[in-house]
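Undergrad: Got a structure for you, questions after.
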Amino acid sequence: MRNYPKILLLSNNQVETNALEGILSEYVALKSVGNLLELQSVLQGGGYDAIFCGWSFHQGTWNDALQKVRQRCPDLPVIVFCRAGGEKEWVEALEAGAFDLLIAPYMKGNVLPLLEHAVASHEARRLHNATACSRTKAS
């Protein structure tokens, strides 16, 4: 049995949601939510490997979502996506703590490698933290 990464998609833009779901659904276990309240509820269950977060959505922005994620799951990679953006938006997202900024058009060739990198980074952080924790306990 294949082990699929668990990915959360936060967006209420149906066009963007459909595009990303079409790319990701074959490769991940995907859960879609449309607002911050749903995001908080789903995060309580835990176990996600990465989050794709739309630039803005009903009653919130990517930065609002990023703050909620950081409070609950500080090491969880958040990939912000938007239809248009440039260096300014990319720098803004990275400085705020996002893993990366994905600009449309969303295609397998740019979405899947970014996702793979985010999931590998998250797994490496988990292993590092587990090792550091066990070393601290052994001391």
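Taken together, the values in this text are just the output of simple stated rules run on the coordinates, not laboratory data. This structure is a prediction, so every number in the text was calculated from the model and none was measured. Cβ: placed from backbone, ideal geometry, glycine included. Neighbour counts: every protein chain shown.
Undergrad: With an 8 Å Cα cut-off and a minimum separation of 6 or more residues, compute the relative contact order for the chain in percent.
TA: 22
Undergrad: With axes computed from alpha carbons, what is the tilt in degrees of helix 108-138 against the longest principal axis of the chain, rounded to the nearest 10 within 0 to 90?
TA: 20
Undergrad: Expressed as an acute angle from 0 to 90° and rounded to the nearest 10, what is the orientation of the C-alpha long axis of helix 62-72 relative to the principal long axis of the chain?
TA: Tilt relative to the chain: about 20 degrees.
Undergrad: Taking only Cα atoms, what is the 0 to 90° angle, nearest 10, from helix 14-24's long axis to the longest principal axis of the chain?
TA: Its long axis makes an angle of about 50 degrees.
Undergrad: Let me ask something else. The list [x] -0.38, -0.52; [y] -0.32, -0.46; [z] -0.44, -0.62 gives values of log10 I(q)/I(0) by the Debye sum over Cα atoms at q = 0.10, 0.12 Å⁻¹, and only one came from this structure; which label was calculated from it?
TA: [y]
Undergrad: Can you list the residues of the stretch 63-89 with backbone N under 13 Å from a point 7 Å past the Cα of Lys108, pointing along Cα to Cβ?
TA: none
Undergrad: Same structure again: So if each residue of separation counts as 0.36 nm, and I subtract the Cα-Cα distance between Glu92 and Asn35, what length gain in nm does that give?
TA: Residue separation times 0.36 nm, minus the Cα-Cα distance, leaves 18.4 nm.
Undergrad: Also, I was wondering about something else. Over 23 Å between Cα atoms, which of Lys6/Lys88; Lys68/Lys108; Lys6/Lys68 qualify?
TA: Checking Cα-Cα distances, Lys6/Lys88; Lys68/Lys108 exceed 23 Å.
Undergrad: Can you pull out the trypsin sites (Lys or Arg not before Pro) in the stretch 1-91 that DSSP calls coil and that have at most 11 other Cβ atoms within 10 Å?
TA: Hits after loop and neighbour filter: Arg2.
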